[in-house]
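The block underneath contains the structure these notes are about, expressed in structure tokens.
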Amino acid sequence: MSAGEKRPWGEYRAIDSGEGFQVKHITVAPGGRLSLQSHAKRAEHWVVVHGRARVTVGESVRTLEANQYVHIPLGAKHRLENPGDEPLHLIEVQCGAYLGEDDIVRYDDAYGRA
């Protein structure tokens, strides 16, 4: 397992990877929100382990609790937020031809990242 990668909203840790897939444990701090973004080369599946997640996929915004999940299709605009007062933990499974961190198009970012 790799060490955690710190981000303004929390951190993520790579758990496993192989041909066409990557698994991460993502922790979002209370009030944290990832950028509204999309990926050209991968889809994602998010499973909430602990806490509450506000998830945007396209025009849909919904709240997920522990043991609930969502599919983020290839190319869909999406955002993950923690509206709660405790850390949000989820497992992300990425599937696609390319899984690099540079496959991100940001449309809106609370932390000023391009």
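Conditions (1) assigned to a loop (DSSP other than H, G, I, E, B); (2) farther than 22 Å from Val105 by Cβ; (3) free of Cβ contacts under 8 Å to residues at least 24 places away in the same chain, marked per residue:
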{"residue": "Lys24", "(1), (2), (3)": "no, no, no"}
{"residue": "Val49", "(1), (2), (3)": "no, yes, no"}
{"residue": "Arg54", "(1), (2), (3)": "no, no, no"}
{"residue": "Arg79", "(1), (2), (3)": "no, no, no"}
{"residue": "Gly84", "(1), (2), (3)": "yes, yes, no"}
{"residue": "Val93", "(1), (2), (3)": "no, no, no"}
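Residue check, Lys77 against (1) closer than 21 Å to Pro8 by Cβ; (2) within 11 Å of the chain's Cα centre (by Cα); (3) not hydrophobic (A, V, I, L, M, F, W, C), all met but one. Which one?
(2)
Would you call Gly75 in contact (Cβ under 8 Å) with a residue 40 or more places away in the chain, out of contact with any Leu (no Cβ under 9 Å at 6 or more places or on another chain) and part of a loop (DSSP other than H, G, I, E, B)?
When the stated conditions are applied, Gly75 does not pass them.
Taken together, the values in this text are just the output of simple stated rules run on the coordinates, not laboratory data. Just so it is clear, the structure is predicted and the values come from calculations on it, not from any experiment. So basically every Cβ, Gly included, is an ideal-geometry build from the backbone, and we count neighbours across all protein chains shown.
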